[in-house]
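This report concerns only the one structure given below.
The values are calculated or read from the model by the stated rules, or taken from the named source; none is laboratory data. For clarity, every value in this text was computed on a predicted model and none was experimentally measured. Every residue, glycine among them, receives a Cβ derived from its backbone with ideal geometry; neighbour counts consider all protein chains shown.
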Amino acid sequence: MRLIDADKQLEWLERELHYSQRENRQDEAKALDMTIGKIKSGAFDPPTPEPPKFKAGDRVRSRARKKVEGTVTGYSESGKRVRVVVPHPRYDWPYTAYYAPEALELIEEGTHEKD
């Protein structure tokens, strides 16, 4: 997805509209005016990102490996993967794993601290 600066785009379109009106190019002016209206209405704004599905403290399970359960501690730097602390099945220490959100299912909501 490419993002543009809508304010700069509107500034340029309004200059072009003024020029088209001054030169009596009605069809061009009408198209520019419609485009300006669409941009101002938010028709081309990027989609609002979905809020994270999991929050720190949630207990989750791997959809593929049902025995793998852990606690969400946050998200990766990119925000695309869920960081989960999983107890090691044979040793007395946990490990950190990163999962795509769709690869996890919620077992129990954790207690979330309010900021």
Q) On the given criteria, is GLU69 under 30 Å from TYR95 (Cβ atoms) and either surrounded by 11 or more Cβ atoms within 10 Å (Cβ to Cβ) or in the same structural domain as TYR98 (by TED's automatic domain parsing) (or both)? A) yes
Result of the Cβ filter at 6 Å on region 54-82, keeping first residues that are over 12 Å from GLU108 (Cβ atoms) and partners that are outside any loop (DSSP other than H, G, I, E, B) and acidic (Asp, Glu), at least 6 apart or interchain, is ARG63/GLU105
